[in-house]
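The values are calculated or read from the model by the stated rules, or taken from the named source; none is laboratory data. Model, not experiment: these values are computed from the prediction. Quick reminder, even Gly has a Cβ in these numbers, built from the backbone with ideal geometry, and neighbours come from all protein chains shown.
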Amino acid sequence: MIPVSVKFALSDDVFEITDLNADSVILTGCTGDTYCTIEKVKIYFDCPPGDVNCDGEVTIADAVLLQKWLLAVPDTQLSYWQNADLCKDDKLDVFDLCLLKQMIIEQKDTYTIRLEDAGKKPTSVAFIIHQYLECSLVEARDRVAAAPVKITDSATKAEADQLVADLEGAGATVTVTKN
Ligand SMILES: [Ca+2]
Ligand SMILES: [Ca+2]
């Protein structure tokens, strides 16, 4: 569980607490320590929309948790359901799950694609790199000429897979690692 911010209803002061199970929290930073009950404050989870399990990232685990909750699987709890309300209508349903899955698929990751060997037709490989990375053709040729070389780009997994398939189709040998 990542830390949460707590905001008083009548003030803009923000305090951080880490123990949500406590009946009351000690807010430091005031003049003396101030006690208050959890009910009197508004709690903001510092995790991004779609992060259903509040671990700081949006992954397939969040979709699995939301799906279980929608199917009413026993012992499934959402610590901050608002984070799953991606189709913003103050309720959770299959539309939120669809948007969450879409979000996970479209997530941008950075992959390193290492060109081990440009193959027998390095010009085709240069052309493919130029198309994908939108660099100048000269730059693409330089990269191919310098093989083995790392091509790092932000892409979805599907885009990275397609780039690799195209490079291999053009006779290149490549390896891919997720950064
Ligand atoms: Ca998560
Ligand atoms: Ca919703």
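The table for this structure:
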read-out	value
The range 81-134, subset among the aromatic types (Phe, Trp, Tyr) and either farther than 27 Å from residue 152 by Cα or without any contact (Cβ under 8 Å) to a residue 12 or more places away in the chain (or both), residue nearest to ligand 1 (Cβ to nearest atom)	81
Those residues of the range 155-167 which are surrounded by 13 or more Cβ atoms within 10 Å (Cβ to Cβ) and in a helix (DSSP H, G or I), in sequence order	157, 159, 160, 161, 162, 163, 164, 166, 167
Strands (runs of 3 or more DSSP E) (entirely within the range 24-119) containing at least 2 residues that are more than 16 Å from ligand 2 (Cβ to nearest atom), surrounded by 13 or more Cβ atoms within 10 Å (Cβ to Cβ) and modelled with pLDDT of 80 or more	109-117
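Listed here are the residues, each with its yes/no results for (1) modelled with pLDDT of 90 or more; (2) more than 26 Å from residue 60 (Cβ to Cβ).
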{"site": "131", "(1), (2)": "no, yes"}
{"site": "134", "(1), (2)": "no, yes"}
{"site": "162", "(1), (2)": "no, no"}
{"site": "172", "(1), (2)": "yes, yes"}
